Each structure stands twice: as structure tokens, then as C-alpha cells.
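Below is one structure, written out as C-alpha cells; comments come after it.
The values are calculated or read from the model by the stated rules, or taken from the named source; none is laboratory data. It should be emphasised that the depicted structure is a prediction, and the values quoted were computed from it without experimental measurement. All Cβ positions, even for glycine, are placed from backbone atoms using ideal geometry, and neighbour counts span all protein chains on display.
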């Protein structure tokens, strides 16, 4: 049947937010659908806060809150049961959810085109048939309309086959169940029952089987009103394999008039920061010799916080304070009261242009620059008087050679305070993007083994601390996007979870003998996630010199590590992940890797038994090695 000119359309839209809130992009999507729907029923999976309800009420005719079970499919089932016999009052029901951003292009032309088709159900996009099924590795993935947008008309809605499908719908405890037990069989089930289907944007017209993921810019150019969230948050190495470039996509979305801030706000709250930074290519290479930013940052109220450990060490940083486009307020913190007169003299020296400068003695050196910043300057960060802060320190790594320490100094300083033009270009980012919360240099690579080790032994405590601080942003899995050098710029509001906690200096005491992670380093690793909790995103910055050095060094290292691995990087990485920890490449490690790679099912069955055995064997080996070492020392002593 065609959709009649005076037809009635019900839109069922499913929302899920782990905080019980409603993001702005959801409201925007529903506002656009308002003119095309007789009724909008929003189904909320999980809790709904009062603020979330206030956001939904103007754009929804009814809100149904349910337990978060069965994913969107069971939410649609509950909505259909809730509407009940009244479904007969509608000519079409659109089953959709919050897994897309829109309208990027107008909804109207798509509804107009699809209304004219004599079909029983239609989808926005489809997925071509695949063999073998990529989810199971065998069999066939049938052709199907993608379930994020399925429109069904009255004849099918009122059929016994429709009622039986939902009556027999199986439980769906996992995402793969939702795909394999519903999305991939829905289309085939109803086509085989004699119903006709159509798709607004057919995969046959695009160069891949899955254009919603691999060709989103082509879909938009052809008038598709929405863009899926997945091209922004999918595994970066997989998107890299298929040249799906998030930065190009978000620029295209912006070009069509959709507010990119809605996308960045949602991603910052729901996706690990490093995934966003990578997929959207959010590294800015800022010139040092010329101002290229069109935005003027001179109106920003900037607070610079500098932690000083010595007069000679902090002097070069104080000299750079005059490079800001307008005079800034400065707080120099130190735990050494003897430094105060000399630092005050540096701040008042001719040529140092600042608006207001204070030297503040903090009562403890525990936590060094991080405690001095979060505790010693808490009032200034919270009082609302500053748009941006810049956090600096003069310390150098003490366990590195001189060459590495000097490069660390250059890297951290040049990529925040490289020159007058560089600082202006950096601050202009905050003017351009009100949702930008933190700007940091990428994790230093030269002289450091941070790749794959960024969490170090802080990972478990990181999750515990995030829970304590109320941070529900997923944490990066390997190396977090964080200012591991301890210097960065940001908005005070992006520190809200850290400032709300009211740490004291005792929290930062040295507990290394207790095998408890250093709180300063732990909190550094949570900076991006803390910003993301309130929807602030993060950008990384480099000057051209360090961008060139870093890119070429990383490219060469990757080339060397990949030389003995087959396939594309995504396949090499998957192989290494399957194989697991290599250790020191001993016989036991290689046997374990062989088993995990080729007989992982056996490993999983034996793991509960073998894990305690392995711990015992390692303990015995450690004892034996210690005994042997003690014997050698005794023997050397005897010879002496």
C-alpha cells in the first residue's frame, strides 16, 4: 500500500543513556521528526532523570520507561504491546532509535519519495548478502534492511504473521543476539511471508555492501537525512583499513548545516577519548611563525598556574608569559617558601607582561604540581572568573638520561607555549569551539616506551577512581589520551569531577611501598574522561617540528614491528591480540600463544584449572631464581 496523503504515522524512538539523561542530539532528531509524525512515542531503556524527562516532554507525545533488557528490539516490542489495538489507527509505524545523528539533510524528501511506493515495509539503508556470515564465520548473512530505521504499513501491522513474529521474539542478552536473532532475519522473514519491501538508499548503488558504515558521505550527498554514530566510534584500526575518515565526515555534516557540537558532546560522554581523537583526526598542527586562526582569543580570561621547584628552572616559563595575546593572571605555586622573593622578582622584571601575579606557598610537596593545582588553586578554578587555564611546571624526569630529559622539556613547552603566534592559535581553538574542554600535546614517544604501556599499573585503580569521581565515560583500553607530561590547557568547567572531590594533600602521599599507584599520575590519566563526563571534548596539538619528528618516528617503529606479520594492520593487531602476552618469548610463552591462536576453545576450558597452576609455577621459579642469586652472592663473598 502507498502512504495516503492524509495518513497517520507513529514514530517509536528508543533512547538509552547510562546516566539516565537525554543528549541534545536526541532532542534535535525528534524536533525534526515532529512535522512528519502524528504521534511520537519515546521508549527509554533504563532510568530517566527528571532533567532527561524535561528535555523529552516538548518533543514526545508519550514517554515509556522500561528496564534496559533486550536492546532496542525488545523496547520496540514493549512499545507495540503498549500501543496495542490502537496500532490499527496508523497507516505507518516507524521503528527507530538513537544510533544516528540527524536531520543532516531534510526528512521531507525521503518521506515524500517512500510514501509514493506501494510497499508493506521499508528501511533507510540496507546491508547486502554476505557469505560467510561475518558474525559467525560460517553460513550466510542474508540481505536485510538495517533495523535502526524500519517503517511498516497497516496491512503488515495488522497481519497474523506480524503478531506471531513479536510473540515468538527470543530473548537477546547480547548485541550479537540482537543482530542474528532479529536484524538479519526480519527482512527475509516478512518477504518470504509475501510482504514487499523497499529501501531508501540501496547498497547496490554504492561501492560497498554496508554504505551506512563505509560510505556515509556518499549517502549524505544523495540526500540521506541521517548519519550513523558508528563511523565516529568504531574501532579506529578497522575504520583506517577502509579509509572511513571521521574528520571528513563531520566536516561534511557541518557543511549541510547540522551542528557538529551535538555530535562532539555525545561522543565525549560515551566513547573513549582516544577513539574520538583518532577517528576524527583531532590533532591540530599549529604554526609557530604566523597566526592562522580567524578567531580572536584576546577576550578570553586566562589563568596560568605554574608550579616552581627552582628559580633557574621556572625562569624560562615566566619569560614566555609575555607571549600571550593579552596579559594573563598568574599563580606560581611552590612548596619551598625560600623561592618566593626570587620568583616575585622574576614576575616583576621588565618585559614580563602579566595582569595579576601571585606566588602561593602550598603546605606540602606531596602530589607536586597536581596537588598544588587541584587543591592550592581550587578556589580560582571554581569561581567562574576564568575561561581558560594553562597548567605548567618546571620539573624534569629524574629517571631519564640528560638527552631524554631535555627533549621532554622542549616537547612539553614548545607544544603549549611555542611562540606568540602558537599561543594565539592554541587559545583560538577555545573561541572556535565552546565544547572544547582540554588541549594537550599527544603522549610523548621519543625517549619513552609509552606505546602499549600508558596505563602501566594504574589501569585497575583508574577504573576505581573514575567510579569514585562519578565518571562514566568509557576509559581508553591501552594508553589513555592524557597529559602524561603534566602540562595542558583547558576550561575550568571541564575539571568539575576532579574539583568536586575536594582532595587534600594527604591523599597525594607517597604510597609506593604499599604498591598503591601515585595519585598524581593516576589523575593525569583521567583528565580527558573527566572532561568528557560533562560533554567536553579534547584536542591534541603539536607544532610542525614535533609533528614531523613524531610522525616519522612512529611510522618507522610500526614498520619495524609489523615486518614479520601478514596482512593489513587491523589483521596484524587482531592476530597479536589473539596470541596474547608474549613475555620474554620463552618456550612456555610460545606454547601458550600457539594454543590461544589455534585452539582458543581448549584454552578457555582449561583456563580455570591452569591459572592457579601457572601462579604456583611462577612462584616456584621466582623462589628458585632468588635462591640461585643468593648462592652466587655468597660464592662471590667467599672468594673475596
Helices (runs of 4 or more DSSP H) lying entirely in segment 140-197 (those with 2 or more residues that are modelled with pLDDT of 95 or more): 154-157, 160-167, 184-192
State whether one or more residues within segment 471-485 are over 27 Å from residue 235 (Cα atoms), surrounded by 15 or more Cβ atoms within 10 Å (Cβ to Cβ) and assigned by TED's automatic domain parsing to the domain that holds residue 433. no
Picked from segment 576-589 (must be assigned to a helix (DSSP H, G or I) and within 25 Å of residue 237 (Cβ to Cβ)), the residue modelled with the lowest pLDDT is 589
Going through (1) part of a helix (DSSP H, G or I); (2) in contact with a helix residue (DSSP H, G or I) (Cβ under 8 Å, 6 or more places away or on another chain); (3) touching a residue at least 12 places away in the same chain (Cβ under 8 Å) one by one, residue 549 fails only at (2)
Residue pairs qualifying under the 6 Å Cβ cut-off, at least six apart or on distinct chains, with the first in segment 589-614 being under 10 Å from residue 579 (Cα atoms) and the second being modelled with pLDDT under 80 and surrounded by 13 or more Cβ atoms within 10 Å (Cβ to Cβ), are 595/603; 596/603
Any chance residue 268 is touching a strand residue (DSSP E or B) at 6+ places or on another chain (Cβ under 8 Å) and under 16 Å from residue 436 (Cβ atoms): yes
With the checklist (1) in contact with a helix residue (DSSP H, G or I) (Cβ under 9 Å, 6 or more places away or on another chain); (2) assigned to a helix (DSSP H, G or I) in hand, flag the one item residue 290 doesn't pass. (2)
If you check 359, 354, which single one turns out to be assigned to a loop (DSSP other than H, G, I, E, B) and over 22 Å from residue 509 (Cα atoms)? 354
Hey, residue 538 crowded, with 19+ Cβ neighbours inside 10 Å, under 17 Å from the mean Cα position of the chain (by Cα) and not in a helix (DSSP H, G or I) or not: yes
Which pairs turn up if I take residues in segment 56-72 that are over 13 Å from residue 34 (Cβ atoms) and look for partners that are modelled with pLDDT of 95 or more and part of a loop (DSSP other than H, G, I, E, B) with beta carbon separation below 7 Å, at least 6 apart in sequence or on another chain? 65/48; 68/46
Residue that is farther than 25 Å from residue 540 by Cβ and not in a strand (DSSP E or B), where the choices are 339, 321, 317: 339
Residue identified as in contact with a helix residue (DSSP H, G or I) (Cβ under 8 Å, 6 or more places away or on another chain), under 22 Å from residue 523 (Cβ atoms) and touching a residue at least 24 places away in the same chain (Cβ under 8 Å) among 428, 466: 466
Verdict on residue 89 being free of Cβ contacts under 8 Å to residues at least 40 places away in the same chain and surrounded by fewer than 19 Cβ atoms within 10 Å (Cβ to Cβ): no
Expected single match for at pLDDT 95 or above, surrounded by 15 or more Cβ atoms within 10 Å (Cβ to Cβ), assigned by TED's automatic domain parsing to the domain that holds residue 414 and more than 14 Å from residue 305 (Cα to Cα) among 372, 342, 337, 357 is 342
Give the residues of segment 199-210 that are over 11 Å from residue 124 (Cβ atoms) and either in contact with a helix residue (DSSP H, G or I) (Cβ under 9 Å, 6 or more places away or on another chain) or surrounded by 17 or more Cβ atoms within 10 Å (Cβ to Cβ) (or both), sorted by residue number. 203, 205, 206, 207, 208, 209, 210
Could you go through segment 507-526 and let me know if any residue there is within 17 Å of the chain's Cα centre (by Cα), assigned by TED's automatic domain parsing to the domain that holds residue 448 and closer than 22 Å to residue 386 by Cβ. yes
